[in-house]
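*Asks:* Dumping the structure here so I can ask a few things about it.
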Amino acid sequence: MDEIFQIENTNFNLKHTFESAQPLTFYGDYYEDKVLLEYTYKNSIIGIKSTENNKLNAYWILKNNNEKLKLNDEVIRRFRLFEDLDYIYKKINTDSNIDIAIKKYNGMRLTINDPWETTLVFIISQFNNVKRIRGIVKNIINRYGEKIDEKHKSFPMLENMSTATKEDLKNCGTGFRAEYIINAVDYFINNVDLNKLNPNNYEELHEIFTEIKGIGDKVADCIILMGYGNLRAFPIDVWVKRQLERLYFKGEKQKVSKLQDFAWEQWGDYRGYAQQYLFHSGRNLTFKN
């Protein structure tokens, strides 16, 4: 262990955040008995531990001095600790459904992750469940990640996966998604620098990502929301669509475009947060018929 930083914070629940199907869910390791999350970042390993009095202990396990990474800045940005979650709750708590979700999962925060890491995870997520996605991601890390220590490998970046074949990826469990992953790797290596896109330009981001085979509106919105931190994104998959129809439209079928308009009118600039609370609550059957 290299250094320990203590970060004062309010309204942050590590367990809810980790379990809410965000990128960290699929490659980090959460130890519930210790209230501890360990995850790789570039060529380092970071540990986050909840403590009493609304504080977090954040520490290095291994540090790459060449990166000159400021740990506290990484943790604050990753978990959006720069935001006042109580203020966001006031903005999105417009109805009893959101109120129930906030009370049950109070402190769950959206995360901001590396854009490629987010893209890869959500391509794999299509027609999949959390357990299987996690297994596939772990397989890809083991195959293409760079060794950090005896236990950990880094999350593979684009250059690590430039030689990946469909057969290799299928052996990792990706199935039909192998082709989509290869297309995305090729596209971003040769056409677009993911790290130079404007995170505030939702329309441009959506247009770029939906040009890629295998990335539709829902996956694009997941990438924009959790890879770029743009809260205008409101991912709607089959499950979220059914939840919105059941909770707000008396079970009547609605076009996705109408649901997007509803989300904008209901939750405005913070609708990405509202979506995450509805998604996680619905996935865990918080809402009863």
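Just so you know, all these numbers are worked out from the coordinates, no wet-lab data involved. Here the structure is a predicted model, which means the values were calculated and not measured. As a convention, Cβ positions derive from the backbone with ideal geometry for all residues, glycine included, and neighbour counts pool all protein chains shown.
*Asks:* By the scheme Lys and Arg +1, Asp and Glu -1, what is the net charge of all other residues having a beta-carbon under 11 Å from that of Gly175?
*Replies:* Local charge sum for Gly175: +3.
*Asks:* Determine the distance separating the Cα centre of segment 186-238 from the Cα centre of segment 130-182; give it in Å without decimals.
*Replies:* Using only Cα atoms to place each centre, the spacing works out to 20 Å.
*Asks:* Still on this structure, please answer the following. Taking the chain as a Gaussian network, where each spring joins two C-alpha atoms under 10 Å apart, which residue of Asn190, Asn13, Asn230 fluctuates the most?
*Replies:* Asn190
*Asks:* Please report Phe249, Phe127 as a ranked list, fewest other C-beta atoms within 10 angstrom at the top and most at the bottom.
*Replies:* Sorted ascending by nearby Cβ count, the order is Phe127, Phe249.
*Asks:* Are there GluC sites (Glu not before Pro) in segment 129-204 that DSSP puts in a loop and that have at most 12 other Cβ atoms within 10 Å, and which ones?
*Replies:* Those satisfying the criteria are Glu150.
*Asks:* Return the loop-located trypsin sites (Lys or Arg not before Pro) in segment 219-289 (DSSP other than H, G, I, E, B) with at most 14 other Cβ atoms within 10 Å of their own Cβ; answer none if there are none.
*Replies:* Filter output for segment 219-289: Lys250, Lys253, Lys255, Lys288.
*Asks:* Between beta-carbons, use under 10 Å as the cut-off and find the net charge around Arg109, counting Lys and Arg +1, Asp and Glu -1.
*Replies:* Neighbour charge sum, excluding Arg109 itself: +1.
*Asks:* Oh, and also: Given the pairs Lys103/Lys253; Lys103/Lys196; Lys34/Lys104; Lys90/Lys213, which span a C-alpha to C-alpha distance of over 32 angstrom in this model?
*Replies:* Lys103/Lys196; Lys90/Lys213
*Asks:* So the label point goes 7 Å from the Cα of Lys91 along Cα→C-beta, right? Which residues of segment 105-123 then have their backbone N under 14 Å from it?
*Replies:* 110
*Asks:* Let me ask you something else. Give the lysines whose C-alpha is closer than 20 Å to that of Lys258, dropping any in the same chain fewer than 8 places away, or say none.
*Replies:* Once the sequence-local lysines are set aside, what remains near Lys258 is Lys218, Lys241, Lys250.
*Asks:* Using Cα pairs closer than 8 Å and at least 6 residues apart in sequence, work out the relative contact order for the chain, in percent.
*Replies:* Averaging sequence separation for qualifying contacts and normalising by length gives 18 percent for the chain.
*Asks:* Which aspartates and glutamates have a Cα less than 15 Å from the Cα of Lys255, not counting those fewer than 8 places away in the same chain?
*Replies:* Lys255 reaches Asp217, Asp237, Glu245.
*Asks:* Tell me, what is a quarter of the convex hull surface for the C-alpha atoms of the chain, in nm² with one decimal?
*Replies:* Seen from a random direction, the Cα hull of the chain projects 15.2 nm² on average.
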